[in-house]
Amino acid sequence: MTKIECVIRPEKLDAVMDALGQFGNPGMTVSEVKGCGLQRGWKEVYRGVESTIKLLSKIKIEVVVKDETVDQAVQLICRAARTGEVGDGKIFLYPVADVVRIRTGETGESAIY
């Protein structure tokens with residue numbers, strides 16, 4: 001199993017969730033995060049005072065998939081989240097040793113689907 005962690009633009013959340021839902025993955029964790037990368041933020045003027053916004057709002061999605069479906073899931077996320085502009089985000093992949101469903105005690109792939 002592999003954990004896919006992606007950081008995307010907030011406005012792309014629905015598209016990515018729809019893509020993963022059609023892929024057959026019912027569960028995911030979504031968090032609102034802030035970060036910086038190549039975008040480097042922007043300057044804003046409020047009441048005559050200029051300030052630089054360095055940390056931008058992003059969405060982090062975490063999902064665990066079977067190893068044989070990782071490439072397909074990553075391609076779906078890329079297609080759904082891509083705008084072609086700087087700041088589209090990143091995808092990180094981590095190996096998962098095991099999963100336990102707390103309610104039933106199931107382990108392995110049966111615990112994620």
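What follows is calculated from the coordinates using simple rules that are stated; it is not laboratory data. As the structure is a computational prediction, the values presented were derived from the model and not from experiment. Note that we place each Cβ from the backbone using ideal geometry, even for glycine, and neighbour counts take in every protein chain shown.
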Figure the gain on full extension for Lys66 and Arg103 (residue separation times 0.36 nm, minus the Cα-Cα span) and round it to one decimal in nm. 11.2 nm
State the extension gain, in nm to one decimal, for the chain segment bounded by Ser51 and Lys34, taking 0.36 nm per residue of separation less the distance between their alpha-carbons. 4.4 nm
Can you tally the lysine pairs in the chain where the Cα-Cα distance is under 12 Å and the two residues are eight or more apart, or on different chains? 9
So which GluC sites (Glu not before Pro) in region 59-108 are both in a DSSP loop and have at most 16 other Cβ atoms within 10 Å of their Cβ? Glu85, Glu106
Protection proxy (average C-beta count within 10 Å per residue), highest first, orders 20-30, 6-16 as 6-16, 20-30
Please report, in debye to the nearest 20, how large the charge dipole of the chain is about its Cα centre when each Lys and Arg carries +1 at its beta carbon and each Asp and Glu carries -1 there. 500 debye
